[in-house]
2 protein chains.
Amino acid sequence: MIEKKIQLKKIKNGGVGSPKGFISGGQNIGMRKKKPDMGWIYSEKPAAAAGVYTTNRFQAAPLGVTRSSLAKAQTLQAILVNTVSANSCTGKEGYDNACTTRKWMAEHLGVPEHYVGVASTGVIGLQLPMDKMKKGIAHITLGEAEAPFEEAILTTDTKAKHLAVQCVIGGKTITIGGACKGSGMIHPNMATMLGFVTTDAYVAPDDLQLALKKITDRTFNRITVDGDTSTNDMVLVMANGMAENEKLTVHHPDWPVFLAGLNEVCRGLAKFIAADGEGATKLIEVQVTGAKNDQSAEAISKTIVGSSLVKTAVFGSDANWGRIICALGYSGEPFNPDKVTMALGDIVMFDKGMPVVFDEEKAKHYLDQDSVVIKAHLGEGNGEAVAWGCDLTYDYVKINASYRS
Amino acid sequence: MIEKKIQLKKIKNGGVGSPKGFISGGQNIGMRKKKPDMGWIYSEKPAAAAGVYTTNRFQAAPLGVTRSSLAKAQTLQAILVNTVSANSCTGKEGYDNACTTRKWMAEHLGVPEHYVGVASTGVIGLQLPMDKMKKGIAHITLGEAEAPFEEAILTTDTKAKHLAVQCVIGGKTITIGGACKGSGMIHPNMATMLGFVTTDAYVAPDDLQLALKKITDRTFNRITVDGDTSTNDMVLVMANGMAENEKLTVHHPDWPVFLAGLNEVCRGLAKFIAADGEGATKLIEVQVTGAKNDQSAEAISKTIVGSSLVKTAVFGSDANWGRIICALGYSGEPFNPDKVTMALGDIVMFDKGMPVVFDEEKAKHYLDQDSVVIKAHLGEGNGEAVAWGCDLTYDYVKINASYRS
């Protein structure tokens with residue numbers, strides 16, 4: 001757990017605009033009534049860039065287009081994001097539209113086309129409204145924006161999600177900022193949701209890609225809201241080098257510091273998404289220790305946090321530990337049931353395969369909190385993992401029984 | 001699809017008591033206020049028996065005990081079922097209790113102990129109330145019972161679930177009856193829920209086991225309510241031979257007829273469970289064709305029917321086909337997105353990778369029905385499968401936010 005060892009300074013109200021040389025903003029282009037529906041990030045200097053993408057077999061058009069941008073020079077200078085239309089399952093027209101918006105954005109900002117990334121979120125099967133997109137892009141200013149970037153990318157989210165941290169690399173202070181959106185169709189698989197990370201650190205692009213993949217696997221890929229992996233998920237990171245640190249690679253002595261900073265930002269953003277899951281009232285954190293190995297711990301933690309019965313029990317503040325044990329049991333992972341211990345917070349409910357008498361009132365009180373920690377220890381080895389999710393509530397059903405209408 | 005070719009006669013209001021020589025019943029032993037909470041099945045003659053059990057690593061005590069009964073002579077003459085306590089995660093005491101109830105039942109009926117199977121359903125972690133169990137067993141009569149077996153085994157189920165069919169084997173009419181319970185913690189994996197099948201057919205025990213496994217995989221293992229695989233799932237079949245047919249084995253010319261009958265009963269019971277899923281208002285059937293192979297079709301059908309977003313869309317009668325396509329995409333199965341076609345009933349919404357303009361009103365009307373069929377054709381091969389589930393509603397959350405209280 002590298003993040004424990006290294007000092008990181010959190011920036012109050014920080015986000016993708018916090019690192020040096022990054023400008024971000026949002027505006028309404030008429031796809032929604034009032035809420036902003038187009039956002040952008042711009043870096044004064046071309047930035048080393050890396051991306052991870054959904055594993056869904058249907059990949060939305062913007063993912064292919066952004067991937068092709070990155071393939072050319074591992075560099076981005078701007079990212080354009082729209083809501084309402086996910087531009088997914090939209091065929092050749094959708095792909096061409098994504099290319100055209102990239103071109104318009106590049107021309108508007110005076111940067112090469114392949115320095116622009118595009119991302120979309122919203123309803124699957126809707127084409128982009130190209131007239132609105134064209135006008136919207138022409139209207140982008142790199143000064144004061146109509147709305148913050150973080151607000152312009154939301155769909156069913158109830159909160160904007162952003163943070164930034166600082167750390168010291170070879171004597172230079174570097175800043176890492178991030179923003180993300182995601183509330184439904186959230187299930188860990190490669191990259192879930194839209195996430196954007198900016199940093200003024202100077203980082204070798206290949207190593208940046210390695211770092212993003214590694215960190216994503218233990219942050220964004222550890223959250224679930226509903227078990228549904230979207231077609232549009234993508235996390236992009238841009239590193240513009242304006243902190244003037246020595247070039248970072250995996251061999252640099254301060255590489256772990258950078259990893260810790262990136263991890264802190266991605267973990268924070270991931271937890272924001274889990275806590276703001278559609279209809280959620282509580283963040284659930286599942287800590288698994290003593291598993292055969294980390295992979296096994298990860299599978300178990302994700303199974304528990306994804307169980308509808310565990311999620312509804314947490315919503316109802318019902319200490320129905322049998323459901324947690326049940327989920328553990330169907331995770332498909334090997335362990336000896338007689339060695340398993342399980343607790344809600346510090347209240348042990350199951351010890352080495354047997355139920356423990358506990359104070360129901362105390363348990364209910366614990367479950368009434370905004371944030372609930374489920375702990376399972378398997379007694380098999382040193383594997384450990386943490387996963388995050390949320391409770392399953394009436395509002396989840398309400399939101400999703402009428403999403404399009 | 002063997003069931004299409006063979007004529008089966010359905011018995012009106014049939015159940016586990018329909019085949020010759022089977023008696024079943026239920027009664028209240030005081031674990032619940034009024035509802036019956038103990039049920040039994042008895043066969044006049046010892047019956048060849050087979051069972052399939054949950055794959056959950058935590059297996060409830062009665063499963064081990066029943067398994068040991070079957071291991072001895074592949075024969076059962078009686079089955080005892082209780083609700084309220086699942087006798088799961090109850091350690092050695094729970095196992096000993098299950099053995100003791102088996103012993104009491106055997107003594108009461110005058111049959112060998114290993115001719116008795118036991119099953120429990122209810123809350124995990126509760127020990128059996130042995131005083132009540134003892135009195136209850138002593139009170140069992142093989143004549144008129146206080147309540148039907150089918151009602152005595154229910155928990156959150158809203159309906160008793162039973163059916164029976166007849167077919168002709170070597171000139172003799174044989175009857176196959178079944179009953180089951182299950183509403184929550186339902187997810188296909190080996191055997192999900194409690195299911196009991198009786199038949200007066202004469203069947204070789206090894207072949208009966210083969211048949212049960214095969215049929216379970218395409219019936220009970222094809223349903224999901226919430227993705228949670230219980231610790232207590234078990235399906236038992238008893239064949240007492242009182243129809244006096246020639247002994248059935250896999251080599252008998254009428255073996256396919258028996259399989260078709262068994263399939264019809266298990267499929268019917270499985271669909272009852274899906275339709276009566278906790279809080280459900282609609283049965284969802286997913287038909288996948290044109291997959292690479294049957295296994296792939298099965299994985300895809302189960303992924304779609306298990307998607308929370310598909311389930312809530314069906315609840316809200318929202319023809320949000322993007323969610324179905326999205327679930328297809330994250331099933332993990334290989335296919336070419338550009339060959340995929342998808343329909344709700346007969347309303348095609350996605351054709352060879354592209355959205356189709358359809359009549360929204362007609363689609364809403366279709367989704368307003370009690371039973372909804374989702375069809376996906378992949379254009380990859382001849383693999384096909386059907387899976388069943390239900391919509392996700394406010395009542396699912398309501399029921400499960402306060403199950404224990």
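For (1) surrounded by 23 or more Cβ atoms within 10 Å (Cβ to Cβ); (2) in the same structural domain as residue B:156 (by TED's automatic domain parsing); (3) without any contact (Cβ under 8 Å) to a residue 24 or more places away in the chain; (4) touching a strand residue (DSSP E or B) at 6+ places or on another chain (Cβ under 6 Å), each residue gets a yes or a no:
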site	(1), (2), (3), (4)
B:236	yes, yes, no, yes
B:247	no, yes, no, no
B:257	no, yes, no, yes
B:261	yes, yes, no, yes
B:270	yes, yes, no, yes
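Under the condition of being among the charged types (D, E, K, R) and surrounded by fewer than 20 Cβ atoms within 10 Å (Cβ to Cβ), which residue from segment B:97-118 is farthest from residue B:135 (Cα to Cα)? Can you show your working first?
Let us first name the residues in segment B:97-118 that are among the charged types (D, E, K, R), namely B:102-103, B:107, B:113.
Keeping just the survivors that are surrounded by fewer than 20 Cβ atoms within 10 Å (Cβ to Cβ) gives B:103, B:107, B:113.
On the way: B:103: 14, B:107: 13, B:113: 18 Å.
Result: B:113.
Of everything in segment A:349-382, what is more than 10 Å from every other protein chain (Cβ to nearest Cβ), crowded, with 16+ Cβ neighbours inside 10 Å and farther than 16 Å from residue A:299 by Cα? Give them in sequence order.
Going residue by residue through segment A:349-382, those that are more than 10 Å from every other protein chain (Cβ to nearest Cβ) are A:351, A:357-359, A:361-363, A:365-382.
Keeping just the survivors that are crowded, with 16+ Cβ neighbours inside 10 Å gives A:358, A:363, A:366-367, A:372-378, A:380.
Those that are more than 10 Å from every other protein chain (Cβ to nearest Cβ), crowded, with 16+ Cβ neighbours inside 10 Å and farther than 16 Å from residue A:299 by Cα: A:358, A:363, A:366, A:367, A:372, A:373.
Starting from residues that are touching a residue at least 40 places away in the same chain (Cβ under 8 Å) and within 10 Å of chain A (Cβ to nearest Cβ), keep the ones in segment B:327-342 and report whichever is nearest to residue B:387 (Cα to Cα).
B:328
For segment A:370-378, does any single residue satisfy the condition of being over 19 Å from residue A:308 (Cα atoms) and not basic (Lys, Arg)? Give the steps one after another, and end with the answer.
Start the filter on segment A:370-378 by keeping residues that are over 19 Å from residue A:308 (Cα atoms), which leaves A:377-378.
If we keep only those that are not basic (Lys, Arg) as well, we get A:377-378.
For segment A:370-378, residues over 19 Å from residue A:308 (Cα atoms) and not basic (Lys, Arg): present.
Kindly establish whether residue A:15 is touching a His at 6+ places or on another chain (Cβ under 7 Å), within 23 Å of residue A:141 (Cβ to Cβ) and either modelled with pLDDT under 95 or not assigned by TED's automatic domain parsing to the domain that holds residue A:168 (or both).
Details: touching a His at 6+ places or on another chain (Cβ under 7 Å): yes; within 23 Å of residue A:141 (Cβ to Cβ): yes; either modelled with pLDDT under 95 or not assigned by TED's automatic domain parsing to the domain that holds residue A:168 (or both): yes.
Answer is yes for this residue.
Kindly check whether there is at least one residue in segment A:188-202 that is in the same structural domain as residue A:70 (by TED's automatic domain parsing), farther than 22 Å from residue A:25 by Cβ, surrounded by fewer than 24 Cβ atoms within 10 Å (Cβ to Cβ) and modelled with pLDDT of 90 or more. I'd like the intermediate steps shown before the answer.
Applying the first criterion (in the same structural domain as residue A:70 (by TED's automatic domain parsing)) to segment A:188-202 yields A:188-202.
Within this subset, residues satisfying the condition of being farther than 22 Å from residue A:25 by Cβ are A:188-192, A:201-202.
Checking which are surrounded by fewer than 24 Cβ atoms within 10 Å (Cβ to Cβ) leaves us with A:189-190, A:202.
Checking the rest, the ones that are also modelled with pLDDT of 90 or more come to A:202.
Checking segment A:188-202: at least one residue is in the same structural domain as residue A:70 (by TED's automatic domain parsing), farther than 22 Å from residue A:25 by Cβ, surrounded by fewer than 24 Cβ atoms within 10 Å (Cβ to Cβ) and modelled with pLDDT of 90 or more.
Those residues that are away from chain A (no Cβ under 14 Å) and either within 17 Å of residue B:196 (Cα to Cα) or of a type in the set (Asp, Glu) (or both), I need them from segment B:114-130; list them, please. Show your work before the answer.
From segment B:114-130, those away from chain A (no Cβ under 14 Å) are B:114-119, B:129-130; that's our starting set.
Listed by number, the residues that qualify are B:115, B:116, B:117, B:118, B:119.
All but one of (1) closer than 19 Å to residue B:119 by Cβ; (2) in contact with a strand residue (DSSP E or B) (Cβ under 6 Å, 6 or more places away or on another chain) hold for residue B:137, so report the exception by its number.
All conditions are met except number (2).
Select from segment B:329-344 the residues that are polar (S, T, N, Q) and surrounded by 13 or more Cβ atoms within 10 Å (Cβ to Cβ) and write down the one among them that is modelled with the lowest pLDDT. It would help to see each step written out before you state the result.
In the first step, residues of segment B:329-344 are kept if they are polar (S, T, N, Q); the result is B:331, B:336, B:341.
The next check asks that each one be surrounded by 13 or more Cβ atoms within 10 Å (Cβ to Cβ); those that pass are B:331, B:341.
Working: B:331: 86, B:341: 95.
Within segment B:329-344, the match that is modelled with the lowest pLDDT is B:331.
Quick one: is residue A:265 aliphatic (A, V, I, L, M), surrounded by fewer than 20 Cβ atoms within 10 Å (Cβ to Cβ) and away from chain B (no Cβ under 14 Å)? Reasoning before the result, please.
Working: aliphatic (A, V, I, L, M): yes; surrounded by fewer than 20 Cβ atoms within 10 Å (Cβ to Cβ): no; away from chain B (no Cβ under 14 Å): yes.
The answer is no for residue A:265.
May I ask you to list the residues in segment A:304-323 that are hydroxyl-bearing (Ser, Thr, Tyr) and either over 20 Å from residue B:183 (Cα atoms) or surrounded by fewer than 24 Cβ atoms within 10 Å (Cβ to Cβ) (or both)?
Of all residues in segment A:304-323, those hydroxyl-bearing (Ser, Thr, Tyr) come to A:307-308, A:312, A:317.
Answer for segment A:304-323, where residues must be hydroxyl-bearing (Ser, Thr, Tyr) and either over 20 Å from residue B:183 (Cα atoms) or surrounded by fewer than 24 Cβ atoms within 10 Å (Cβ to Cβ) (or both): just A:317.
Go through the residues of segment B:345-353 one by one and say whether even a single one is more than 21 Å from residue A:55 (Cβ to Cβ), touching a Lys or Arg at 6+ places or on another chain (Cβ under 8 Å), outside any loop (DSSP other than H, G, I, E, B) and modelled with pLDDT of 95 or more.
Looking for residues that are more than 21 Å from residue A:55 (Cβ to Cβ), touching a Lys or Arg at 6+ places or on another chain (Cβ under 8 Å), outside any loop (DSSP other than H, G, I, E, B) and modelled with pLDDT of 95 or more, one finds at least one in segment B:345-353, hence yes.
Out of curiosity, is residue A:300 among the β-branched types (Val, Ile, Thr) and within 17 Å of residue A:371 (Cα to Cα)?
Numbers: among the β-branched types (Val, Ile, Thr): yes; within 17 Å of residue A:371 (Cα to Cα): no.
When the stated conditions are applied, residue A:300 does not pass them.
Mind checking which residues of segment B:281-299 are within 18 Å of residue B:219 (Cβ to Cβ) and surrounded by 21 or more Cβ atoms within 10 Å (Cβ to Cβ)? Working first, answer last.
Start the filter on segment B:281-299 by keeping residues that are within 18 Å of residue B:219 (Cβ to Cβ), which leaves B:283-288, B:294-295, B:297-299.
Across segment B:281-299, the qualifying residues are B:283, B:284, B:286, B:288, B:297, B:298.
If you scan segment B:119-147, which residues turn out to be modelled with pLDDT of 95 or more and surrounded by 19 or more Cβ atoms within 10 Å (Cβ to Cβ)?
Matches in segment B:119-147: B:128, B:133, B:136, B:137, B:140.
Quick check, is residue A:345 of a type outside the set (Ser, Thr, Tyr), more than 14 Å from chain B (Cβ to nearest Cβ) and within 27 Å of the chain's Cα centre (by Cα)? Walk me through how you get there before you give the answer.
Numbers: of a type outside the set (Ser, Thr, Tyr): yes; more than 14 Å from chain B (Cβ to nearest Cβ): yes; within 27 Å of the chain's Cα centre (by Cα): yes.
Yes: the conditions hold for residue A:345.
Kindly evaluate residue A:290 against the criterion of being over 27 Å from residue A:194 (Cα atoms), away from every other protein chain (no Cβ under 14 Å) and either of a type in the set (Gly, Ala, Ser) or touching a residue at least 60 places away in the same chain (Cβ under 8 Å) (or both).
Working: over 27 Å from residue A:194 (Cα atoms): yes; away from every other protein chain (no Cβ under 14 Å): yes; either of a type in the set (Gly, Ala, Ser) or touching a residue at least 60 places away in the same chain (Cβ under 8 Å) (or both): yes.
So residue A:290 fits the description; yes.
In segment B:30-40, is there at least one residue being surrounded by 19 or more Cβ atoms within 10 Å (Cβ to Cβ), under 18 Å from the mean Cα position of the chain (by Cα) and either assigned to a loop (DSSP other than H, G, I, E, B) or assigned by TED's automatic domain parsing to the domain that holds residue B:93 (or both)? It would help to see each step written out before you state the result.
Taking segment B:30-40 and keeping what is surrounded by 19 or more Cβ atoms within 10 Å (Cβ to Cβ), we get B:31, B:36-40.
Narrowing further to those that are under 18 Å from the mean Cα position of the chain (by Cα): B:39-40.
Filter again for either assigned to a loop (DSSP other than H, G, I, E, B) or assigned by TED's automatic domain parsing to the domain that holds residue B:93 (or both), leaving B:39-40.
Yes, segment B:30-40 contains a residue that is surrounded by 19 or more Cβ atoms within 10 Å (Cβ to Cβ), under 18 Å from the mean Cα position of the chain (by Cα) and either assigned to a loop (DSSP other than H, G, I, E, B) or assigned by TED's automatic domain parsing to the domain that holds residue B:93 (or both).
Between a residue in segment B:307-326 that is within 13 Å of residue B:343 (Cα to Cα) and any residue that is acidic (Asp, Glu), which pairs come within a Cβ distance under 9 Å, given they are 6 or more apart or on different chains?
Pairs that qualify, where the first residue is within 13 Å of residue B:343 (Cα to Cα) and the partner is acidic (Asp, Glu), are B:319/B:360; B:323/A:228.
Would you check which residues across segment A:326-338 are assigned to a helix (DSSP H, G or I) and out of contact with any Ser or Thr (no Cβ under 9 Å at 6 or more places or on another chain) and list them?
Filtering segment A:326-338 for residues assigned to a helix (DSSP H, G or I) gives A:326-329, A:337-338.
Scanning segment A:326-338 gives A:337, A:338.
Could you tell me whether any residue of segment A:387-398 is in contact with a strand residue (DSSP E or B) (Cβ under 8 Å, 6 or more places away or on another chain) and closer than 30 Å to residue B:127 by Cβ?
Within segment A:387-398, the first condition is being in contact with a strand residue (DSSP E or B) (Cβ under 8 Å, 6 or more places away or on another chain), and the residues that meet it are A:387-391.
When the remaining residues are screened for being closer than 30 Å to residue B:127 by Cβ, the result is A:391.
Checked against the condition, which is being in contact with a strand residue (DSSP E or B) (Cβ under 8 Å, 6 or more places away or on another chain) and closer than 30 Å to residue B:127 by Cβ, segment A:387-398 yields at least one hit.
The values are calculated or read from the model by the stated rules, or taken from the named source; none is laboratory data. All values derive from a computational prediction rather than experimental measurement. Counting neighbours? That spans all protein chains shown, and the Cβs are built from the backbone with ideal geometry, glycine included.
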